[in-house]
Structure formats: C-alpha cells, structure tokens
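Peer 1: Dumping the structure here so I can ask a few things about it.
Throughout, read-outs are computed from the coordinates displayed, never taken from laboratory work. This one's a predicted model, so the numbers in the text were calculated from it and none came from an experiment. Backbone-built Cβ (ideal geometry, glycine too); neighbour counts: all protein chains shown.
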Amino acid sequence: MNKIDQYIHAATHDVEELYKLTLLVRDSPDYRTDRYSERNAVHQKLQAELAASAMSHER
C-alpha cells in the first residue's frame, strides 16, 4: 500500500466513524446542546444566592 492509499484509507475510516457517531447522537439534542459553561454559570449564581440568604441573619 503506498502513501496515498494509506491517507485515503485513514480518511475513509475517519469519515465512516464520524457518520456513525452522527447517527448515534442525532436523537439526543438535549445532550448535544448541554454546555458546561452554562451549567456552571447557573450554579455560581445559585451558590451566591444561597450564601447570601444563609448569611442574611448576620446583618
């Protein structure tokens, strides 16, 4: 197998795996659109609110 055939084989393999992955995750938009940064921002806001309410008796 020459160098060009090896590249074609590798590219074909990668495209096939990407296609399979696409088929697997196609029906799960919630998983694909879930972002750590968004969850973390909500968590930080909630944590600040809870800390403020927990310390409100100190004022």
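Peer 1: Just checking: which of the helices (runs of 4 or more DSSP H) contained wholly in the chain hold 3 or more residues that are more than 24 Å from the chain's Cα centre (by Cα)? First the steps, then the outcome.
Peer 2: Values: elements: 3-25, 29-33, 36-54.
The qualifying helices (runs of 4 or more DSSP H) are 3-25, 36-54.
Peer 1: Here's something else I'd like to know. How about the stretch 20-58: which of its residues are of a type in the set (Ser, Thr, Tyr) and surrounded by 10 or more Cβ atoms within 10 Å (Cβ to Cβ)? Before you say what the answer is, go through the steps one by one.
Peer 2: So the first thing to find is which residues in the stretch 20-58 are of a type in the set (Ser, Thr, Tyr), and the list is 22, 28, 31, 33, 36-37, 53, 56.
Answer for the stretch 20-58, where residues must be of a type in the set (Ser, Thr, Tyr) and surrounded by 10 or more Cβ atoms within 10 Å (Cβ to Cβ): just Ser28.
Peer 1: If I ask for residues that are of a type in the set (Val, Ile, Thr) and in contact with a helix residue (DSSP H, G or I) (Cβ under 8 Å, 6 or more places away or on another chain), which ones from the stretch 2-59 would you list? Steps first, answer last, please.
Peer 2: If we filter the stretch 2-59 for residues that are of a type in the set (Val, Ile, Thr), which is where we start, we get 4, 8, 12, 15, 22, 25, 33, 42.
Correct list: Val25 only.
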